[in-house]
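All remarks here apply to the structure that follows.
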Amino acid sequence: MSSKRNGRGLGSSNSSVRSGRRRFVGQSTAIAAAASISPALLMSTTADAANATEWGWPQPYERISTKSIEWLKSKGWWPLQVAWNPLWSDGNVVLFTIQQYKLLEKRGIEADFPAFLAAGFMNESFVPGKIQVAQAGSLGLLRIIDLKVPAVAVTCYPAQRQAFLVPLDSPLKSLEDLKEQKVLGRPASFGVTIGSTTHLGWLIAAKVHGLVENRDYVLRNVGPNDILTMPKGLDVTAIWEPNVLFMAEFRKNARVLELIDQYEVFNGYSYIRGELEQNAPDVIQAYVDAFVEARLIARLKQKEVVDAFAAHPSQRGRDPTLIARDAKIHVFDPKPTLSFPFEDAGGFWIALESYQAGVMADANVLKRRYTDADFKSVLRPRYMRNTYAKLGWNVPKLPVFLPANWTGQAGKPPYPAYGMMHLGKQEFPEPGDLAKEWTFAGKTYRP
């Protein structure tokens with residue numbers, strides 16, 4: 001399985017979703033329970049949903065303008081090319097749901113969904129405009145900023161779990177055991193994909209623990225496919241979900257030493273060509289609306305969505321149980337407000353992104369420093385704020401992957417526990433989530 005963080009894509013950049021329907025070596029997650037709902041907010045058991053879908057989307061659908069369609073056609077961007085990664089936790093199910101339920105078509109947008117397995121090839125197609133919507137981690141977005149390609153980041157994929165793993169028979173109990181060779185009696189062989197988000201996590205962890213390269217560890221560049229085999233000769237490695245689950249619980253060839261999450265907070269983005277903001281902003285709004293609606297559909301129709309996704313050609317060869325487990329953790333259990341692209345909510349995301357990019361620059365992995373202004377130039381929370389206003393939702397004050405009364409501070413690791421696997425199923429709506437009445441699954445909820 002290729003790296004979603006820095007690997008290669010599936011094929012030609014302007015291919016339709018049909019060209020992406022190939023075999024993918026893989027793994028993934030679990031089927032989910034019914035939607036989680038706060039009983040305290042339930043005001044009616046027989047709500048009139050005549051003006052909304054069963055999953056709470058207002059009807060009729062807003063369609064993009066003829067002017068925007070003509071502009072897209074003039075650019076050669078019709079059908080709109082929306083890239084997706086079928087193996088990327090969270091985004092895979094959300095983008096599949098957009099396709100499966102034709103959520104862009106319902107808003108007047110013809111779209112193809114070319115499949116890529118990582119940010120590297122996706123950006124190679126995004127830069128010349130062969131695709132107009134991309135999905136990648138923060139490092140992928142940094143590349144777009146660096147190349148000065150017009151782009152706006154409109155949704156995010158936050159706090160996906162990453163971990164340091166060791167062989168099952170390893171004597172190591174924590175990263176502290178590496179310091180001054182006190183357990184192994186030699187520098188540990190640490191295998192990581194150089195330039196990936198797990199490499200970033202290692203750089204931060206080494207700083208926190210005072211680990212010195214060549215004294216306490218030797219860094220080895222290992223690709224994701226090799227990491228999945230837990231190669232002999234490695235004392236420690238690092239990978240992201242759903243591969244942590246795959247190695248530790250399904251293949252059972254490694255155990256988690258520590259979570260990278262306590263050192264690095266992962267984030268990814270869905271970003272769109274910036275020319276659309278100037279010439280067809282209603283297309284961006286329609287995409288964000290469809291993205292949020294897809295989360296609601298998946299929350300309500302969990303078995304239907306995961307069964308259809310597991311049967312999709314892009315999932316051939318993957319373990320259906322892992323597919324379902326991954327979907328439960330990253331899509332079904334979290335609040336549907338998980339993806340809000342904050343600028344500054346307790347340091348998320350601009351200040352934190354600048355700090356984490358700075359760590360990579362210090363290690364000469366990134367060739368220049370990125371500033372708060374760089375990130376602010378691409379983040380666009382207003383589109384999702386508009387979406388929430390249509391639904392009658394409030395924008396959360398803090399990211400929903402943080403537990404109540406979280407004592408951490410973004411940019412100052414190590415962090416207390418957080419994340420979707422830590423929190424489990426989240427109720428929605430809860431007090432404070434709604435600004436006005438909203439219906440879901442035949443129920444009405446009020447602020």
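Quick notes on this structure:
- Scanning region 354-392 for residues that are farther than 18 Å from P150 by Cα, buried (at least 19 other Cβ atoms within 10 Å of the Cβ) and in contact with a strand residue (DSSP E or B) (Cβ under 9 Å, 6 or more places away or on another chain) gives M384, T387, L391, G392.
- Qualifying residue in region 380-390 (condition: touching a residue at least 60 places away in the same chain (Cβ under 8 Å), assigned by TED's automatic domain parsing to the domain that holds A153 and more than 22 Å from the chain's Cα centre (by Cα)): yes
- The sole residue among G191, G195, G210 that is at positive phi and modelled with pLDDT of 95 or more is G210.
- Taking region 182-196 as the range and being touching a strand residue (DSSP E or B) at 6+ places or on another chain (Cβ under 6 Å) and either buried (at least 21 other Cβ atoms within 10 Å of the Cβ) or closer than 30 Å to G120 by Cα (or both) as the test, the residues that pass are A188, S189, F190, G191, V192, I194.
- All positions within region 154-186 that are small (G, A, S) and more than 24 Å from Y263 (Cα to Cα): G185
- Residue in region 150-166 that is in contact with a Leu (Cβ under 8 Å, 6 or more places away or on another chain), modelled with pLDDT of 95 or more and assigned to a loop (DSSP other than H, G, I, E, B) present: yes
- Selection from region 244-263 of residues that are surrounded by fewer than 24 Cβ atoms within 10 Å (Cβ to Cβ) and assigned to a loop (DSSP other than H, G, I, E, B): K252, N253
- Helices (runs of 4 or more DSSP H) contained entirely in region 266-378, each with at least 3 residues that are of a type in the set (G, A, S): 281-300, 302-311, 350-362
- Of all residues in region 114-140, those that are in a helix (DSSP H, G or I) and within 20 Å of P281 (Cβ to Cβ) total 1.
- Verdict on E110 being assigned by TED's automatic domain parsing to the domain that holds V283, among the acidic types (D, E) and closer than 26 Å to R385 by Cα: yes
- Tally, over region 115-142, of residues that are under 17 Å from the mean Cα position of the chain (by Cα) and over 23 Å from V93 (Cβ atoms): 1
- Search result, residues across region 102-141 that are out of contact with any strand residue (DSSP E or B) (no Cβ under 9 Å at 6 or more places or on another chain), farther than 23 Å from S196 by Cα and crowded, with 20+ Cβ neighbours inside 10 Å: L103, R107
The values are calculated or read from the model by the stated rules, or taken from the named source; none is laboratory data. The structure displayed is predicted, hence computed values, not measured ones. Using ideal geometry, Cβ is built from the backbone for each residue, glycine included, and neighbour counts are taken over all protein chains shown.
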